[in-house]
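Written out below as structure tokens is the structure these notes cover.
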Amino acid sequence: QVQLVESGGGLVQAGGSLRLSCAASRSIFSLNLMGWYRQVSDKQRELVADITNGGMLNYADSVKGRFTISRDSAKNTVYLQMNSLKPEDTGVYYCAAWRLGTPYWGKGTLVTVSS
């Protein structure tokens, strides 16, 4: 079992920045992949960024150059630094992790970007 707890969401004006955190209940190196997804209303949850346990990074085209995923292994935490935020970045952001083929999800944190 893996528990994931997100924090850092909130309300920000367009052009501003937020940093999301995802604390895992076990070593992040025991997890094959960790990532951030976002969901807007009833739309499908979409990948924002992910990082493998080997450190390979992947970003959605819509956030490249603005968002950065990183990790702190000592804190078992993955971060999502979000800069130059746009109203279309608004949504619930979920942390996800995969271990031995099983996905785990956090409860999500709301990000609202006002125009």
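Examine segment 68-84 for a residue that is open to solvent by less than 40 Å² (accessible area, probe 1.4 Å), more than 10 Å from the chain's Cα centre (by Cα) and modelled with pLDDT under 95, and state whether such a residue exists.
no
Testing G54 on (1) of a type in the set (G, A, S); (2) open to solvent by 40 Å² or more (accessible area, probe 1.4 Å); (3) in a strand (DSSP E or B), one condition comes back false. Which one is that?
The failed condition is (3).
Out of curiosity, is G65 part of a loop (DSSP other than H, G, I, E, B), free of Cβ contacts under 8 Å to residues at least 60 places away in the same chain, open to solvent by 70 Å² or more (accessible area, probe 1.4 Å) and touching a strand residue (DSSP E or B) at 6+ places or on another chain (Cβ under 9 Å)?
Criteria met by G65.
Of all residues in segment 68-115, which are over 20 Å from A23 (Cα atoms) and of a type in the set (S, T, Y)?
S84, T90, T112, S114, S115
Would you pick out the residues in segment 11-30 that are surrounded by 13 or more Cβ atoms within 10 Å (Cβ to Cβ) and at pLDDT 95 or above?
Scanning segment 11-30 gives V12, A14, G16, L18, R19, L20, S21, C22, A23, A24.
The values are calculated or read from the model by the stated rules, or taken from the named source; none is laboratory data. Bear in mind that the values here come from a model prediction, so they are computed numbers and not experimental data. Neighbour counts are summed over all protein chains in view; Cβ atoms, including those assigned to glycine, are modelled from backbone coordinates with ideal geometry. Surface accessibility is based on the protein's heavy atoms, side chains included, excluding ligands, DNA and RNA. Shrake-Rupley method; radii C 1.70, N 1.55, O 1.52, S 1.80 Å.
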